[in-house]
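K.L.:
Below: one structure in structure tokens.
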Amino acid sequence: MKYVLLTLSIFLYSNLFSQQRLFKTYEDSVQLIQDANLVVANFVERVNKIKPVITQQPKAILNTKPYLIFYSSRANVINLPLWDQVMTAQKGFFNQLAGSESQGKTVFGLFFNGFYLPHEMGHALQTAIQKRDSSLYRNEYFANEVAILYWRAANRTKELEQCYRYAKQFVSQLKSPVPSGADEETYFNTHYNELGADPFKYGFFQFNQFIRIYEDASLGSFDDYIRKYLDK
């Protein structure tokens with residue numbers, strides 16, 4: 001009976017999030033935050049069913065900053081951006097690589113009002129169990145793995161495929177900032193602040209990680225991945 005109820009619960013959540021509006025560029029900030037907090041609550045519930053480790057549920061808030069989307073560990077909040085409040089230079093990054101203003105706006109919605117929400121919840125999970133890696137690169141890789149597996153479990157494969165196509169398009173235009181012969185992870189960790197100030201450099205790493213993880217057939221399911229991570 002418990003198995004039937006769990007299966008039904010997962011089905012209902014998958015159906016719910018297949019109907020949610022995320023993965024689009026919001027004009028209504030209230031709706032954005034409402035939709036985001038539904039995902040936050042689902043993420044917490046799903047993890048805690050495996051092992052009750054997130055004792056304080058994070059909260060999604062509107063707070064448009066140059067970082068676009070980020071988790072604040074002290075306040076335990078996920079800061080979300082609104083397209084209309086994003087700096088002109090950052091909009092230019094999306095518009096240039098996507099090929100037009102309308103496509104740039106679309107890409108922003110797919111990633112920053114969609115994909116990266118459970119990515120930040122991955123960082124929240126690391127904080128909750130005090131398991132941050134010493135490598136900033138590996139922290140980002142972990143969070144990207146979590147996000148892709150979460151959205152697959154939530155039946156958002158169509159949107160992930162859109163993200164993948166845009167990530168490939170962007171990477172084809174971005175020059176690697178890593179000097180020839182240098183180690184990518186070491187360079188990322190050493191130059192993190194410099195990279196974070198330049199979307200063309202930081203984007204190279206993020207979109208490359210997305211592509212690698214999306215194409216990795218060995219990851220398995222979200223629940224199995226989290227279970228293994230918590231048992232380490």
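K.L.:
Ignoring any ligand, DNA or RNA, what whole percent of the accessible area of the chain comes from carbon and sulfur when the probe is 1.4 angstrom?
P.N.:
Roughly 51 percent of what the probe reaches on the chain is carbon or sulfur.
K.L.:
Here's something else I'd like to know. For the chain, find the longest principal axis of its Cα atoms and tell me its angle to the long axis of helix 2-19, 0 to 90°, nearest 10.
P.N.:
Approximately 30 degrees, to the nearest 10.
K.L.:
A further question on this structure: Taking a quarter of the surface of the convex hull around the Cα atoms of segment 33-133, what do you get in nm²?
P.N.:
6.9 nm²
K.L.:
Want the number for Ser218 to Leu62: 0.36 nm per residue separation, take away the alpha-carbon distance, what's left? Mind dumping the intermediate values first?
P.N.:
Working: separation 156, 0.36 × 156 = 56.16 nm, distance 3.53 nm.
Stretched fully, the Ser218-Leu62 segment lengthens by 52.6 nm.
K.L.:
On a 1.4 Å probe surface of the protein chains, which of Thr88, Thr127 comes out largest in accessible area, and what is the full order?
P.N.:
Thr88, Thr127
K.L.:
Just grab the label-to-label distance for Asn208 and Arg132, each label 7 Å out from Cα along the Cβ direction, in nm (one decimal).
P.N.:
Here the modelled spin labels are 2.4 nm apart.
K.L.:
Once phi is turned into θ = phi - 60°, what whole-Hz ³J(HN,Hα) does the Karplus curve with 6.51, -1.76 and 1.60 give for every residue of segment 57-69, x standing for Gly and Pro?
P.N.:
Going residue by residue, I get 5, x, 10, 8, 9, 7, 7, 6, 10, x, 6, 6, 9 Hz, with x marking Gly and Pro.
K.L.:
Right, another one. Provide the packing ranking of 52-59, 197-204, i.e. peptides ordered by the mean count of other C-beta atoms within 10 Å per residue, highest first.
P.N.:
Result, highest mean first: 197-204, 52-59.
K.L.:
What ³J(HN,Hα) values, in whole Hz, does the Karplus curve 6.51 cos²θ - 1.76 cosθ + 1.60 give for segment 176-186 when θ = phi - 60°, with x put for Gly and Pro?
P.N.:
With the stated coefficients, segment 176-186 comes to 5, x, 7, x, 4, x, 7, 7, 4, 5, 4 Hz.
K.L.:
Around Lys59, which amide H atoms from residues at least 5 apart in sequence, or from another chain, sit under 5 Å from its own amide H, with H modelled in the peptide plane?
P.N.:
The list, which skips near neighbours in sequence, is Val77, Ile78.
K.L.:
I want to check the label-to-label distance for Leu38 and Arg152. Put each point 7 Å from Cα in the C-beta direction and report it in nm to one decimal.
P.N.:
Here the answer is 2.4 nm between the modelled labels.
K.L.:
I'm checking a number: the convex hull volume of the Cα atoms of segment 97-209, normalised per residue, in Å³. What is it?
P.N.:
Convex hull volume per residue, Cα atoms: 107 Å³.
K.L.:
Once you wrap a convex hull around the alpha carbon atoms of segment 156-195, what is its projected area averaged over all directions, in nm²?
P.N.:
Its Cα hull, projected and averaged over all orientations, spans 3.9 nm².
K.L.:
How many times 2.2 N^0.38 Å is the alpha carbon radius of gyration of segment 24-79?
P.N.:
On the way: Rg = 12.3 Å, N = 56, 2.2 N^0.38 = 10.2 Å.
Here the answer is 1.21, to two decimals.
K.L.:
Accessible area per residue for the chain in Å², computed with a 1.4 Å probe and the full protein assembly in place, what is it?
P.N.:
Working: 11570 Å² over 232 residues.
On a per-residue basis, the chain sits at 50 Å².
K.L.:
Amide H neighbours of Thr64 under 5 Å, at least 5 residues apart or on other chains, H built in the peptide plane: list them.
P.N.:
When sequence neighbours closer than 5 places are left aside, the close amide H contacts are Leu82.
K.L.:
Per-residue HN-Hα couplings for segment 109-119, Karplus 6.51 cos²θ - 1.76 cosθ + 1.60 at θ = phi - 60°, whole Hz, x for Gly and Pro?
P.N.:
x, 4, 8, 9, 10, x, 3, 6, 5, x, 4
K.L.:
Which aspartates and glutamates, if any, have their Cα less than 18 Å from the Cα of Lys232, not counting same-chain residues under 8 positions apart?
P.N.:
Straight-line reach from Lys232, under 18 Å: Asp133, Glu145, Asp223, Asp224.
K.L.:
For a quick check: with amide H placed at 1.01 Å from N, whose amide H comes under 5 Å from Thr25's, ignoring anything fewer than 5 positions away on the same chain?
P.N.:
Gly109
K.L.:
If you don't mind, another one. With label points built 7 Å along Cα→Cβ from the Cα atoms of Lys232 and Arg74, find their separation and express it in nm.
P.N.:
Placing both labels 7 Å beyond Cα along the Cβ direction yields 2.7 nm.
The values are calculated or read from the model by the stated rules, or taken from the named source; none is laboratory data. Remember, predicted model here, so these are calculated numbers, not experimental data. Glycine gets a Cβ as well: all are built from the backbone with ideal geometry, and neighbour counts include every protein chain shown. Just so you know, the surface numbers come from the protein's heavy atoms only, side chains and all, with ligands and any DNA or RNA stripped out. Shrake-Rupley method; radii C 1.70, N 1.55, O 1.52, S 1.80 Å.
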